[in-house]
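The values are calculated or read from the model by the stated rules, or taken from the named source; none is laboratory data. The structure presented is a predicted model; accordingly, all values stated were derived computationally and were not measured. Counting neighbours? That spans all protein chains shown, and the Cβs are built from the backbone with ideal geometry, glycine included.
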Amino acid sequence: MSFSSAESSPIDLEQLQQISGNDPEFEQELLQLFVEDAIAQTAILEEAIAQQNSQAIEETAHHLKGASANVGATSMAETAAQLEVAARHQQSEQHHRLFKALQQGLDEVRHYLNGLDS
């Protein structure tokens, strides 16, 4: 999978460049830190969903929403926002679908990051 156009990239490059001061090495470092944090947060989220803990789901989704938006992972931020609202309104039927979408978004960001390493 190649991310040759802005439409297919999981990262809003404008946002990432803005927070990195247009420093490609720093962008890569920010994305790496984001991926590491998102992996940990999705593990917490998975456990919270298994336990049907709406408060933990809402808090973790909120964290992921902010972290994703900061690095320009817009699709992940939008999905996390939807999950946050679903948890707040205790719409548990939405949790698994949105969690899977978050995981897919994270996989896309990881793939994008791996492409930067090459």
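Of all residues in the stretch 38-51, which are touching a helix residue (DSSP H, G or I) at 6+ places or on another chain (Cβ under 6 Å) and more than 15 Å from residue 105 (Cβ to Cβ)?
44, 48, 49
Of everything in the stretch 59-96, what is of a type in the set (D, E, K, R) and at pLDDT 95 or above? Give them in sequence order.
Result: 59, 65, 78, 84, 88.
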